Every structure is written in C-alpha cells, then in structure tokens.
1. From the square roots a ≥ b ≥ c of the eigenvalues of the alpha-carbon gyration tensor of segment 157-228, which class results: rounded (a/c under 1.5), prolate (a/b over b/c), or oblate?
2. For the full complex of protein chains and a 1.4 angstrom probe, list 69, 169, 36, 260 by accessible area with the highest value first.
3. Extending each Cα 7 Å along its Cβ direction at residue 135 and residue 265, get the distance between those two points in nm, one decimal.
4. Given H placed on each backbone N at 1.01 Å, which residues far from residue 69 in sequence or on other chains put an amide H within less than 5 Å of it?
5. Suppose R0 equals 30 Å. What FRET efficiency, 1/(1 + (r/R0)^6) with r the Cβ-Cβ distance, do residue 103 and residue 160 give to the nearest 0.05?
6. Roughly speaking, what is the stretch gain from residue 183 to residue 246, that is 0.36 nm per residue apart minus the C-alpha to C-alpha distance, in nm to one decimal?
7. Counting only residues 5 or more places away or on other chains, whose amide H sits under 5 Å from the amide H of residue 101 once H atoms are built in the peptide plane?
8. Enumerate the amide H contacts of residue 159 below 5 Å, restricted to partners 5 or more residues apart or on another chain; note that Pro and chain-start residues carry no placed amide H.
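The values are calculated or read from the model by the stated rules, or taken from the named source; none is laboratory data. Predicted model, so just to flag it, every value in this text is computed and none were measured. All Cβ positions, even for glycine, are placed from backbone atoms using ideal geometry, and neighbour counts span all protein chains on display. Side chains are part of the model used for accessible areas, which takes the heavy atoms of the whole protein and leaves out ligands, DNA and RNA. Shrake-Rupley method; radii C 1.70, N 1.55, O 1.52, S 1.80 Å.
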Amino acid sequence: MTTTIPGTNIIAKSSPRQPRPPAPRSRSAAISTAADALLRGDGTSINPFELTVERLGSSIKMGLFAPGDQLLPERELAALMGVSRLTLRAALRALEQAGFVTVQRGRYGGTFVAQSVPILDKQRRLKAALNIAPDVLEDWISQRHVLEVGVAELAAQKASESQIRALVDLNAQMKAFEHDLNRYRPLDTMFHLGLARATGSGGLETWVAQTHARLSELMRFIPSTKGALSHSTDYHAQILDAIARRDAQEARHVMAQHVDATSSMLRGLLPQRARRSTVRRK
C-alpha cells in the first residue's frame, strides 16, 4: 500500500497492519477462585515439582480451567502455589509435553490450557481406580465427611447474605445442567468450595479443594443419570435453606446425608472390585 505525504512528492510505503490475535479467554471470578483454592500452597512441600504438576493437572481435569483459559503470569502463579519460578517452569514444561497446556511467546504470549486435554480411555482409568486400596479410599471418605459437614455448620453461622445468594444462583445453574455431566461436575466443585469460602477460612477452602481433587477421577464412575444429579442438586438446595435460616445443626445433618450418599456409591464401586481382583491374584 502506498500514500503520498501531503505537501511533497514523496511516496511512502506502509506495510499492512497485522491483525491483533484474539484476546485470551478469561476465567470467571467463581472459577478463578475455585482453581486458586486448589492451587494455593505454603511452600513447605518436600516434593514441590510433583505437587505443582498434580495441582495444575487436577485443576484442568476437574474443569476449573476450560480449554483456552490463560493461566496467571508466572510470577503470580508461583507466589500463589508457594513454589519458586524455576519449579513452576519445570512443571509447566511437563504439562506442555503431556498436552495439558500450550505456551505462546511474544507480546500476546502466555500459558494456555490446551484446546483438547489428554484423557485416559475408560479401561485405563478404571484400572487406575482399582489400584486405590480400600483403606485409602475410606481415609479419603472420612476426611471429606469431617470437612464438609463442619463446613456446612460453620457456613450457617458465618456466610454473608451475598455469599448465600451467589450459592443459590450457582445451584440454579447446576439444575439447568443436570443432563450434562461435563458441565455439572465443575459447578459442583465450585459449590462445595463456595461453602468453604463462606466460612471465612482459607485453610478449609484449600483442604476441601484437595479432597475433591483426590476423589474427582473416581466420581466419574458414579452413574451420571439426570436423576442422580438432580438428587445432588436437591441436597444442595436443602443445605442452602438451612444456612439461610442460620440452622447450623440442620445444615450439618443434610450435608452428612449428601456426603454419605456419594460415599456409598464410591464404596459400592471400588472395594468390591478390588476384593475380586485380590482373589484372582491368589
């Protein structure tokens, strides 16, 4: 393209303007907070590299990051996770090699969640699930029961009116996605993390996030019929009703029923299969 500079006979050439790349997909505030709860660390781990890979990978697999989401800048993400920037870079390289993230250089660069995240086939996932010893599963279930029941009680005492309204709105979204497990599961995680956040305890929120990360792969084997998901949403509504009425004991009671229902499904899934597997090896 050529133009004549006014008042002269000079002809100037200009290169075509390069189109600006599309803006990265930003996380919603709810998703961002939920992911941050799982990623947050205190720098005390003796295996910081492995733990960093685990937390980032779990956040992506749980749907707390969606395809195309941009991760926080390196300095901020390292501070959030309680690791050095060197450790974070090594973890991001591992995740990039595994196909979970992509790294773009330049002015509009950054680390982005891959458009297609690797997923183990069902047989390999089931084999991995069966390798979890029944006593380990029981330990995870017990931790979740203590945490979530206590969180419900404390939330009934401390949740603000705006936090309760936000959770009611979130549960309404879940109701709309009871036919779609892939959309429902991340919202379910955000619901439980939202309850933990309503207690005002950052530590509780982190522990609940870590518990959900441990159980997330096993939860995929729970029947995902609309009826099963609707049952879960109804429990949420009852919990929120108790919290809104500041009835801590009722909130504890309903949450215990909700967690126990999920735990029964997991017990029915894993230990029996594991025992059959043990018998075959004898």
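1. Values: a/c = 3.31, a/b = 1.34, b/c = 2.46.
Oblate is the answer for segment 157-228, as a/c is 1.5 or above yet b/c matches or exceeds a/b.
2. From most exposed to least exposed: 169, 260, 36, 69.
3. About 2.8 nm, to one decimal.
4. 113
5. The computed FRET efficiency comes out at 0.15.
6. Gain on stretching residue 183 to residue 246: 19.7 nm.
7. HN-HN under 5 Å from residue 101: 96, 114.
8. Here nothing satisfies the definition.
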